[in-house]
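Just so you know, all these numbers are worked out from the coordinates, no wet-lab data involved. Keep in mind that what you see is a predicted model, and the values were worked out from it rather than measured. All Cβ positions, glycine included, derive from the backbone under ideal geometry; neighbour counts span all protein chains shown.
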Amino acid sequence: MPAARDTTLRHADPARDAAACAAIYAPYVAGSPASFEEVVPDAAQFAERIATTTRAYPWLVIEDEGGVFAYAYASAHRARTAYRWTAEVGIYVDAAHHRSGAGRRLYGALLELLRRQGLRVALAAITVPNDASIGLHRAMGFEEVGIFRDVGWKAGAWRDVA
């Protein structure tokens, strides 16, 4: 586990944080099946994602003296109005900061903001196997409700999502 350091948790700013978020996300796209995206988005695309998302949902980053090293966000689960009380959440942490407590801190703040917005359910979709992500989500109160089998083709194989 990395040594304790001063960190700041704050709302993301598209202009300030897009490049860092894109860099954090890139290995999840290019080097693993964790994300079902196949082309790494650039900073401009991330700036648009942050700007669009934050019109209705929180996008949080955590940084230290070296810059942003993790982020978490919420988005609409589905477009139909009956789902308006449900959000899908995602979290990405730079590999050098895994097991540092950043994930719990980000999700704790994100889930509290969603509660304050009146949302009732937060969902996460996790490509499995991914013991670390499953462990984080369970620690934050998420429960597995099922597995979508063979729903995505990534890194030369069909992938399941829990």
Look at the range 109-162 and say how many of its residues are among the small types (G, A, S) and in a strand (DSSP E or B). 3
Residues in the range 50-68 that are of a type outside the set (V, I, T), farther than 14 Å from R16 by Cβ and in contact with a strand residue (DSSP E or B) (Cβ under 9 Å, 6 or more places away or on another chain): how many? 4
Taking the conditions exactly as written (surrounded by 14 or more Cβ atoms within 10 Å (Cβ to Cβ), acidic (D, E) and within 28 Å of I147 (Cβ to Cβ)), does E63 satisfy them or not? no
Anything in the range 77-108 that is in contact with a Lys or Arg (Cβ under 8 Å, 6 or more places away or on another chain) and surrounded by 14 or more Cβ atoms within 10 Å (Cβ to Cβ)? List them, or say none. T86
Going through (1) part of a strand (DSSP E or B); (2) surrounded by fewer than 20 Cβ atoms within 10 Å (Cβ to Cβ); (3) of a type outside the set (V, I, T) one by one, F36 fails only at (1)
